[in-house]
Amino acid sequence: MDYAIETDNLTKNFGSLTAVNKLNLKVQKNTIHGFLGPNGAGKTTTIKILVGLLKPTSGSVKVLGQEVHVDQADSRLNIGYMPELPRFPKHLKGAELLDVYGRMYGMTQQERAEQIPKLIESVGLKGRENDLIGKYSKGMQQRIGIAQALLNNPELVILDEPSIGLDPVGMVEVRELMKTISKEGVTVFLSSHLLFEVEQICDHVTIINKGSVLASDTLQNISGALGPAMMHIELANLSNEVIAAVKKLPFVSGTWKTGSTLYIQVTTYDDVRAQVSKEVTGAGGVIVGMSQKTSNLEDIFIQLVSKDKGEKPQ
Amino acid sequence: MTAMQQATGTRPSWFTRFWAIVRYEMLWNIRKKKFIGVIIVAFVFATLGLVLPSILSSTTGTAITADPNFAITYGATSFGFFLFALATAMNSISSEFESGTIVPLLTKPVSRTMVFLGKLFAAFVIILVSYVILFTYTTVGSIFVYGPQNNLQLVPLVLLGNLISTFIWVSILLAMGSLTKNTIITVLVALGLFLSLFIAIPIVSVFAGPSQSLNYLPGSGAGGSMLVGNTTMTINTGTDNLGVNLVNYVLYPSGNVTFSKIDLSAIQAGQTTLPTTGVLYTEPISLIALRALGVAFAYIFVFLFIAWIALKRSEIME
C-alpha cells in the first residue's frame, strides 16, 4: 500500500529523555488522519522529524515515498506544514509572506497572482492581506499559517493544532477547508487536542503516548472496539467495592477509572443507568453525576491513555 | 472557502530559492528601525565631516585649505564599520530562532545553506548600497568643500576596503548569532570584543610599541609613518584601514613604512611631537595592504564557516 507517511521504529532522544520511542506510524494517502496524544506524548517532536526540522536518533521516516533527512530541501516541495502556534516575520505583510514563500516553492508570478488571493479569501483574511503580520491577532496569524501550508497545493498537509486561537467560526471554516482539500486528493495529517474536531473530520486516527503508538486504525474500527455505549459515573469517593459491584452486572464488559470518575463499557443500547445506580449505592458509593452515551473518541482516548499510565481496566 | 487548485509544480532552481531568501531578508532589513537609524547617523557624521570645517572657517575667519585627497582618504571609522555590521547582521540568524520564524522558513523547500547564503548576500547588498550612496555623497560634498579632487577613480577601492572591514564584524556577528541563537548575547559578545580591541590596541601600541601581533587582530593595527615627498603620512596597518592602505599601495607602490616605539621616559611637558626610541623596523606598503587583506579574508572565512556549520547542525526546538 502507498503511504503518505511511514515511520519505522522512529526514536528521538533528548539526552536521557525519550520523546519518540520506536514509533511505527503509517498514514494512508488521501485520508484525513488524526494524530492524538496527551501533552508531552511526542506528537510535535514526531511532526518536526517528518518535516526535517529534527534528526531522529534512530529509525527511519518516509514521506510521500521519499526518505526524510534533516536539511533536505526537495523533500518538502510537496508538503505543506503549519506549526503549532506559528510565528511569521512581523515586518512582512500577509500577502508578502505568501509571495516570498511562493517564490521559495518556485511558483511563477502568474501562479502566485492566482493562488494568493484565493488563499487569503479561503482563510478569511481578505482586506487584511496588506497589513503587517506584527499587527495580526493570534487568530489571524493562525489563519495566515493555514494559508501558507496550502500555498504550494501540496500532496500532504501536516497541521499541528490548527484550531488553537481560532474563534468558533474560524474553527468551522478550517474544518470545512480540510474536508475540501481532502476531497481533492490531498492527505491531511492533523495533530489536535480537540477530540470532537478529529471525530468530525478524520477517517483514520493514531493515538500515541510516551512516544509510542497505542492505537492506529480507522475511526470506525477504533470506536467499535469499545462497544456500543459508555457510562461515566462521578463519585464522591470511588472504592474497590463499588467497582466490584458494577463488574457483576451482566451488561458490563469493562471498567476503568480516572480520579474519582468511573468509566463503564456496556454491551447494550438500553438505558441501564437505574440498575448501575442501584449497585453503586448498594456498595456504599455516593453518585455525584452520571451519564450514558454512545462510545466516542474521547472514551477510547481516555481508556488507552489511562491504561498506558498504569491505570488498568478493572 | 474556495476549492484549491491542482498541485503547482516543477522543482525550482537553486538560484530561484536563494533569491527568494535574499528578498525575504532584504524586506526585513529595509524596514528595521535600527538599520534606518544607523543610516541616518552615518549621513549626519558624513555631513558634519564635510560642513564642520566650513563652519569653523567662517567663525575664525580663515579660509578652508584645499585638500585634493579628501575623497580618497575619507572613509568610515572603526566604529562605523561595527555599527553598520551590527544594524545589518546582529539578529539576522538569532532572531529567527528567538521569534520562532525559523520553523516555517526551514520547512519550505530551502536548505540551511541557501538560508545562510541568502542572508549573507542580502547583508552584502544592503551594506554595499549604503556605502555607495554614502561615498557618492561624501565625494560630491568634498568637491564642493575642499575643491577639485585627485584620483577619484580610487574611491571605489576605498569603498571596497571599507566593505571588507565591515564584513569582518558581519561574520563575527553571524557566527555568534548562529552559535548562541540569542541576540542579546550576540551583541554583548561582539561589543565586548570590539571595545576590547578598540581599547587594547592603542595601549599595546604605546607600551609595547608597534608589535607585529597587532597586524593580525581586527582593528587599527600597528602605527607607523611613510614619507611621501616632503610629507609624512601616518599609516595604521590594521584591517580597519584596508581601504586607505589599498589606495596608498596603488599610489605609492614602492613606499616604505617605518615603525618606532614611543619613548615614554623622554616625554616632557609642552612637546608637540612624541619622542621615539628610533626606528624599530620598516615594511613596504605593499606588504601592509596585502597582509591586511589576507587577515581580513581569513577572519571572514573562519567566522562565516563557524556560522554556517552552527546553523547546519542546529536542532530546531522552537
Kindly indicate the residue of the range B:1-15 that is at the interface with chain A (Cβ under 7 Å from one of its Cβ atoms), surrounded by fewer than 17 Cβ atoms within 10 Å (Cβ to Cβ) and at pLDDT 55 or above and also farthest from the chain's Cα centre (by Cα) among those meeting that condition.
-> B:T10
Of all strands (runs of 3 or more DSSP E) fully inside the range A:251-299, the set with 2 or more residues that are free of Cβ contacts under 8 Å to residues at least 40 places away in the same chain and touching a Ser or Thr at 6+ places or on another chain (Cβ under 9 Å) is A:252-258, A:261-266
Could you tell me whether B:F84 is away from every other protein chain (no Cβ under 14 Å) and crowded, with 22+ Cβ neighbours inside 10 Å?
-> yes
Being out of contact with any Leu (no Cβ under 9 Å at 6 or more places or on another chain), in a helix (DSSP H, G or I) and either buried (at least 21 other Cβ atoms within 10 Å of the Cβ) or free of Cβ contacts under 8 Å to residues at least 60 places away in the same chain (or both) is the filter here, so list the residues in the range A:173-199 that pass it.
-> A:R175, A:E176, A:T180, A:K183
Taking the stated definitions as given, is A:Q141 of a type in the set (S, T, N, Q), under 30 Å from A:F196 (Cβ atoms) and at pLDDT below 95?
-> yes
Can you spot a residue in the range A:219-227 that is modelled with pLDDT of 85 or more and either surrounded by 17 or more Cβ atoms within 10 Å (Cβ to Cβ) or outside any helix (DSSP H, G or I) (or both)?
-> yes
Determine if the range B:59-74 includes at least one residue that is of a type in the set (V, I, T), within 30 Å of A:Y101 (Cβ to Cβ) and either within 14 Å of chain A (Cβ to nearest Cβ) or out of contact with any Cys (no Cβ under 9 Å at 6 or more places or on another chain) (or both).
-> no
Has the range A:94-111 got any residue that is at the interface with chain B (Cβ under 8 Å from one of its Cβ atoms), out of contact with any Leu (no Cβ under 9 Å at 6 or more places or on another chain) and over 28 Å from B:E98 (Cβ atoms)?
-> yes
For the range B:266-284, indicate whether the set of residues that are over 26 Å from B:L163 (Cβ atoms) and assigned to a helix (DSSP H, G or I) is non-empty.
-> yes
Out of the range A:67-93, which residues are among the hydroxyl-bearing types (S, T, Y) and either more than 7 Å from chain B (Cβ to nearest Cβ) or in a loop (DSSP other than H, G, I, E, B) (or both)?
-> A:S75
Counting only residues that are facing chain B (nearest Cβ under 9 Å) and not in a loop (DSSP other than H, G, I, E, B), the range A:112-139 contains a total of 7
So which of A:G42, A:G52 is crowded, with 17+ Cβ neighbours inside 10 Å and under 21 Å from A:A149 (Cβ atoms)?
-> A:G52
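The values are calculated or read from the model by the stated rules, or taken from the named source; none is laboratory data. As the structure is a computational prediction, the values presented were derived from the model and not from experiment. A quick note on method: Cβ atoms are made from the backbone with ideal geometry, for glycine too, and the neighbour counts reach across all protein chains shown.
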